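Let me begin by presenting the structure, written as structure tokens, before commenting on it.
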Amino acid sequence: MPNPDDRKTSMSETTTARVKASIRLDILVGVLLPGSRIKLQELTDRYEISAIPIREAVRELAGEGLVELHAHKGAVVRGVDIRFVRNMYDIRSALEQMLVSAAVERLDADDIDAIRTAAADYETASNAGDVQAMLASNARLHRTINTAADNPEALRILEQGWELVLALRFRFGFGDDRIVTIREEHTALVDAIERRSIADAVAITRAHCESACRDLVQQMKKAEFQ
């Protein structure tokens, strides 16, 4: 016979996960800006839910590096600056080069089709000016590659705090030629993977991260964000 306590625990975990996803989205689209205080009452009103799952979700997000907990100030969305962005891209570049080098020989035909579909979805979203869909399809493309490397520890490090970078991209947008460059880099990466060229895939991945970092930093500087 099922234990009622197990059911309550499962429901609580599901609610916390849902709230956590909502807070993530609010950070991504700029409802909650980096450095802003997370006010419990505002979130309970916004999500129409009790404070308990919100507190738990905030604690989990703090463990992932998205939120900082202060003794007197409470929970705050982690503050970011240009140095933070450069550091995050340095980490991402190193890890993704390692992951793509391991993934090239592992990716099968279905994986390559999924990567190609994600690249096509990115182009469709960029034509429509849908930044959120662009970020989602780009993430799907890279996640397919990175997951194939079979290194979950590296994936956890890779995702730590990355939503803050995505939030900055959502907020500041792209340079004039950046979207065209991203499409070209995606096409080149798919081609390198299909040819099973580890050297080319690694070089393209490195260039992709470096150009993304330069563009975001330039966009932030244009907005006088230091």
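Structure above, values below:
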read-out: Residue in region 23-32 that is more than 15 Å from the chain's Cα centre (by Cα), in contact (Cβ under 8 Å) with a residue 40 or more places away in the chain and not assigned by TED's automatic domain parsing to the domain that holds Arg171 present; value: yes
read-out: Conditions (1) surrounded by 14 or more Cβ atoms within 10 Å (Cβ to Cβ); (2) among the aliphatic types (A, V, I, L, M); (3) farther than 23 Å from Asp121 by Cβ; (4) without any contact (Cβ under 8 Å) to a residue 40 or more places away in the chain; number of the one not met by Val217; value: (4)
read-out: Scan of region 46-80 for residues that are surrounded by 14 or more Cβ atoms within 10 Å (Cβ to Cβ) and in a loop (DSSP other than H, G, I, E, B), ordered by number; value: Ile49, Glu64, Gly65, Leu66, Arg78, Val80
read-out: Selection count, region 81-105, where residues are aliphatic (A, V, I, L, M) and not in a helix (DSSP H, G or I); value: 1
read-out: Ala149 closer than 30 Å to Leu32 by Cβ, over 13 Å from the mean Cα position of the chain (by Cα), crowded, with 16+ Cβ neighbours inside 10 Å and in contact (Cβ under 8 Å) with a residue 40 or more places away in the chain; value: no
read-out: Residue that is assigned to a helix (DSSP H, G or I) and either over 24 Å from Ala103 (Cβ atoms) or in contact with a Cys (Cβ under 8 Å, 6 or more places away or on another chain) (or both), where the choices are Arg183, Arg156, Arg171, Arg143; value: Arg171
read-out: Identity of the residue in region 190-226, polar (S, T, N, Q), part of a helix (DSSP H, G or I) and in contact with a helix residue (DSSP H, G or I) (Cβ under 7 Å, 6 or more places away or on another chain), that ends up nearest to His142 (Cα to Cα); value: Thr205
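The values are calculated or read from the model by the stated rules, or taken from the named source; none is laboratory data. Just so you know, these numbers come straight off a predicted model, no measurement behind them. Don't worry about glycine lacking a Cβ; one is built from the backbone with ideal geometry, like all the others, and counts go over all protein chains shown.
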